[in-house]
Amino acid sequence: PQCTTCQDPMSRLHVCLHCVYMGCWRKGHMLDHLKEKKHMLAMDFTHRTLYCYGCADYVYDLELEDVIVRQEMIRYESSKKRSRVMYTSWEPTEQEASELVQKSLLISCQGIRGLCNMGNTCFMNVILQSLVHNPLLKAYFLSDRHNPKYCDNKYCMCCEMNNLFKQASNYLFCFIYSSEKGPYGPCSFLMSMWMSLKELAGYAQQDAHEFFISALNNIHAGCEGNTMVSCNCIIHKTFAGVLQSNVTCLGCGNVTTTYDPMLDISLGLRPVERKKKQGNTLMDCLDRYTQPEKLGNNEYSCSKCGNTFQEATKQLSVKRMPPVLSFQLKRFEHGGAATKIETKVRFPVELDMTPYTTDGKKDQSSINTANMYTLFAVVNHQGKLDTGHYTMFAKHRGEWFKFDDHSVTLAYQKDVLDSKAYMCFYIKESLEYEDSHRNND
């Protein structure tokens, strides 16, 4: 399922109950449809809640909850368990083991290759390099978990990722990690990107973060068994977390809690001229992101205060941490004139996210080793907004490398930490083991 207007599958889809239109909520396409067609009712595709355009609110009805919503969720959970693919371990026989030892050839993985810039495609190259050097995505696609031979989706980005990782003849992984030293041009990926992401088609400079989110959405859409609720695709297993938002009424103290899915965290920056007064480390940005902020006078209506507008504060925290944590540092401001914030942000190699979690906010003295992350990739932007250039650093086998399109050079950790980061990628130091066989029982 995807928005009829923008084809975005991950922007909180709603279904119009008067016609066949399906629209996204975050971009306002569903509300635009209801207003234009004078339709009144729409249903949240994920939570099965009913929205009334006339009331400008959701309808909370016990009978509807019991008859429709609960039954739909039960049906979804049961169908999800039935459709899950079973994977079994393979133990070679003595004959197979002997043939493997005698006839197998060890493929050399000596070099790391760059990517050709095919016309302002540096934004795509840095994101592809960050995905290729992501250990979880590498393990998934190299284990043949998505086979293009059995995929019927046209211009499937998931197939392209598999192709980039797997085939030695014309795909990226064997080209990047090979003894060949020449750059590789991912033409097939570029064509599929243009066909599936119309807004990124052409040779104009694009935003790397926008491409990153669009690529994740389209890879998710190409995975078998993808869903809008509790999705088990590789994208959600790797990048998906949960944000908790607490809105506290300053009049009566009532707290309203909501949860939203996230694939990354976008952090605001302080302008350059204020950096001596305000911190500009990654931790400072996270502190500002998770500290309480006061809402406007007409932004919060408290149900316990007779549904009247009240002063309130809003605080964000991370309820569930993803295995791979992606940060975007919002360097581009699109006001009257587009400008770039050149503030240098110091970021660590080892990051403890405990103080920014929901449990960490409750007990600030707590230490949770499960929330420790290690830096493995950094995307940088040099120059102006429309005429700049993207480069990136990635860690491979314990060493840092700088990727500048076709050029790949050895780098020091100091070079990475001194760079003006636009995006940072961290991976958990310890990952939880998921027993798929136990979950299927």
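The values are calculated or read from the model by the stated rules, or taken from the named source; none is laboratory data. From a predicted model like this one, the values you see are computed outputs, not experimental measurements. Glycine gets a Cβ as well: all are built from the backbone with ideal geometry, and neighbour counts include every protein chain shown.
Of all the listed residues (Cys52, Cys109), the sole one being at pLDDT 90 or above, more than 28 Å from the chain's Cα centre (by Cα) and surrounded by 13 or more Cβ atoms within 10 Å (Cβ to Cβ) is Cys52. Scanning the stretch 186-203 for residues that are exposed (fewer than 15 other Cβ atoms within 10 Å of the Cβ) and modelled with pLDDT under 75 turns up Lys198, Glu199, Ala201, Gly202, Tyr203. When Leu375, Leu410 are checked against the criterion of being modelled with pLDDT of 85 or more, assigned to a strand (DSSP E or B) and surrounded by fewer than 17 Cβ atoms within 10 Å (Cβ to Cβ), Leu410 stands alone in meeting it.
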